[in-house]
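First the structure, in the form of structure tokens, and then the observations on it.
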Amino acid sequence: MKIEVKRIVRPIRLCEYVAEYGDETVWTWANPPRSFRARVFELADEGTECRKEIAALYKAVKGEADEAEVADEADEAEVGEVELGEVDTARLEVLAAELERIGGELNAWWAELWSQSQDTATHWTADDVSDLLETARDADPQLWDFLQGQSFTAMQDYRDGKKKG
């Protein structure tokens with residue numbers, strides 16, 4: 001007998017975040033392969049390394065003693081938004097493009113994670129994830145943390161044997 005391993009999805013009920021969301025639900029993939037799960041951490045590490053290098057470029061120009069402050073400024077700044085002086089603008093542009101690529105891949109990763117339900121009306125695109133991030137960052141910053149946390153919890157619970165339906 002051949003057993004096909006099914007893609008298991010679990011609901012993230014937004015009313016558990018805030019009651020006003022009512023019945024809105026995001027369906028998350030609970031049993032993605034290890035390689036898929038590992039990819040999100042690889043991308044996060046790549047993004048961290050880019051932000052550290054950007055912070056170092058800003059620090060070299062600004063002469064800041066507080067590296068964390070410079071990192072925060074660099075994380076929020078757009079290329080060309082601050083006085084760059086002697087900074088390696090070509091390298092800064094490469095790093096900015098790399099961060100954009102990483103962000104796009106992360107959005108696609110989340111879209112795939114949330115698009116495993118048989119109901120295609122609940123599927124996400126990378127643009128949907130990007131829009132959610134932009135809106136949540138402005139209006140409801142904790143929503144993104146809730147969705148991420150619940151998604152990772154669903155994966156961990158499934159791996160830990162908490163396979164309730």
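The values are calculated or read from the model by the stated rules, or taken from the named source; none is laboratory data. None of the values given here were measured: they were computed from a predicted structure. Don't worry about glycine lacking a Cβ; one is built from the backbone with ideal geometry, like all the others, and counts go over all protein chains shown.
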Worksheet item: Inside the stretch 113-123, can you point out the residues that are more than 16 Å from residue 14 (Cα to Cα), of a type outside the set (Ser, Thr, Tyr) and either buried (at least 17 other Cβ atoms within 10 Å of the Cβ) or under 12 Å from the mean Cα position of the chain (by Cα) (or both)?
Response: 113, 116
Worksheet item: With 137, 159 as the choices, which residue is at pLDDT below 95 and within 20 Å of residue 41 (Cβ to Cβ)?
Response: 159
Worksheet item: Which residue pairs have Cβ atoms closer than 6 Å, lie 6 or more positions apart in sequence or on different chains, and pair a first residue in the stretch 13-38 that is surrounded by 13 or more Cβ atoms within 10 Å (Cβ to Cβ) with a second residue that is of a type in the set (Ser, Thr, Tyr)?
Response: 13/25; 14/21; 27/117; 27/122; 28/151; 30/158; 31/158
Discussion item. Based on this model, can you work out whether residue 49 counts as more than 28 Å from residue 121 (Cα to Cα) and either modelled with pLDDT under 95 or touching a Pro at 6+ places or on another chain (Cβ under 8 Å) (or both)?
Written reply: no
Fill in: Members of the stretch 80-111 found to be β-branched (Val, Ile, Thr) and at pLDDT below 85, listed by number
82, 87, 89
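Does residue 98 meet the test of being without any contact (Cβ under 8 Å) to a residue 60 or more places away in the chain and buried (at least 16 other Cβ atoms within 10 Å of the Cβ)?
Yes.
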Practice prompt. Out of 106, 92, report the one residue that is under 27 Å from residue 59 (Cβ atoms), over 17 Å from the mean Cα position of the chain (by Cα) and not acidic (Asp, Glu).
Written response: 92
Practice prompt. For residues that are surrounded by fewer than 19 Cβ atoms within 10 Å (Cβ to Cβ) and closer than 21 Å to residue 97 by Cβ, scanning just the stretch 58-70, find the one that is modelled with the lowest pLDDT.
Written response: 61
